[in-house]
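The values are calculated or read from the model by the stated rules, or taken from the named source; none is laboratory data. Note that the structure is predicted; figures quoted are calculated from it, not measured. Glycine gets a Cβ as well: all are built from the backbone with ideal geometry, and neighbour counts include every protein chain shown.
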Amino acid sequence: MSAAAFFDLDKTIISKSSTLVYGPSFYRYGLISVADAARGALAQLVFRVGGANHRRMEKVREQVSRLSQGWQAERVAEIVTRHLDELIIPHIYAEARALLRDHLGAGRDVVIVSTSGQEMVGPIGAMLGASSVIATRMEVSGGCYTGRISCYAYGETKAELIRELAAERGYRLTDCYAYSDSVTDLPMLEVVGHPRVVNPDRALRRVARERGWPILAFTSCARPGGPDQSGSRIGHARVFASAAVRRRKVSRKAWQPGTHARPAAGGEPSQLRYRPAGRH
């Protein structure tokens with residue numbers, strides 16, 4: 001395999017924080033207090049409205065490290081897997097599913113790269129058909145979390161881990177794709193030849209426009225048992241051309257929605273719907 005597509009998870013594949021969404025379940029199983037669950041719910045709301053930034057990510061990191069100390073790692077994995085259908089699947093963007101399928105169909109590996117914990121990202125990646133995941137790893141001793149983080153998959157570390165995986169598997173990074181919503185993932189986007197931004201925060205949108213990167217808007221969440229999972233109908237990503245793209249001479253036919261022809265190798269995934277950036 002010579003190329004891969006690297007996907008951030010939160011607000012790129014799913015509309016919520018995969019870490020914070022499990023707060024109510026951890027409360028029901030006695031892992032956190034009602035106050036902690038309430039703080040997690042508030043943090044989820046802030047994340048959905050304002051996205052991720054360095055201050056918020058550091059706050060989540062500190063909170064998760066503090067709360068998880070003493071938890072049994074197997075117990076956490078069991079809770080995460082048991083509630084995937086309830087807590088994760090309803091929040092998967094249908095457009096993200098379409099892109100995942102397109103990349104797999106084009107012969108590329110799909111790798112999920114997330115700051116969330118391995119115990120959460122691993123089962124989600126397996127469910128979505130990812131070949132592997134890159135995620136934060138908590139230190140475990142005697143089967144329990146120590147409260148320390150052995151690998152924090154955030155910022156520049158994401159890019160470093162992508163480089164390591166590419167060297168191991170022989171990916172040509174210039175042929176690889178990367179998708180994210182947050183400016184904190186700028187290093188990850190810069191390391192590949194085909195960066196794409198999804199529902200970007202203000203800072204990342206500005207960078208994408210300056211550099212001519214495609215901007216994707218994901219809006220439709222998958223429904224359990226619905227058409228998206230059956231494969232009969234797939235939600236489309238709306239890709240907003242950047243200023244650099246708008247300057248190109250593109251025929252009217254090339255901008256018509258609903259075109260599904262498979263592109264040449266290395267081209268854009270086939271399920272995308274294109275619209276000029278100025279119309280969103």
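A compact table of results
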{"quantity": "Residue in region 192-200 that is in a helix (DSSP H, G or I) and surrounded by 15 or more Cβ atoms within 10 Å (Cβ to Cβ) present", "calculated": "no"}
{"quantity": "Residue in region 63-70 that is modelled with pLDDT of 90 or more and in contact with a strand residue (DSSP E or B) (Cβ under 6 Å, 6 or more places away or on another chain) present", "calculated": "no"}
{"quantity": "Residue that is nearest to Gly107 (Cα to Cα) [pool: residues in region 167-183 that are in a helix (DSSP H, G or I) and out of contact with any helix residue (DSSP H, G or I) (no Cβ under 6 Å at 6 or more places or on another chain)]", "calculated": "Asp175"}
{"quantity": "Gly122 being surrounded by fewer than 21 Cβ atoms within 10 Å (Cβ to Cβ) and not in a helix (DSSP H, G or I)", "calculated": "no"}
{"quantity": "Total residues in region 26-56, condition assigned to a helix (DSSP H, G or I), modelled with pLDDT of 75 or more and surrounded by fewer than 18 Cβ atoms within 10 Å (Cβ to Cβ)", "calculated": "1"}
{"quantity": "Contacts under 9 angstrom Cβ, first residue in region 126-143 being part of a helix (DSSP H, G or I), partner aromatic (Phe, Trp, Tyr), 6 or more apart", "calculated": "Leu128/Phe7"}
{"quantity": "Qualifying residue in region 97-114 (condition: closer than 26 Å to Pro214 by Cα, polar (S, T, N, Q) and part of a strand (DSSP E or B))", "calculated": "yes"}
{"quantity": "Residue check for Met127: surrounded by 15 or more Cβ atoms within 10 Å (Cβ to Cβ), under 13 Å from Val111 (Cα atoms) and of a type outside the set (Ser, Thr, Tyr)", "calculated": "no"}
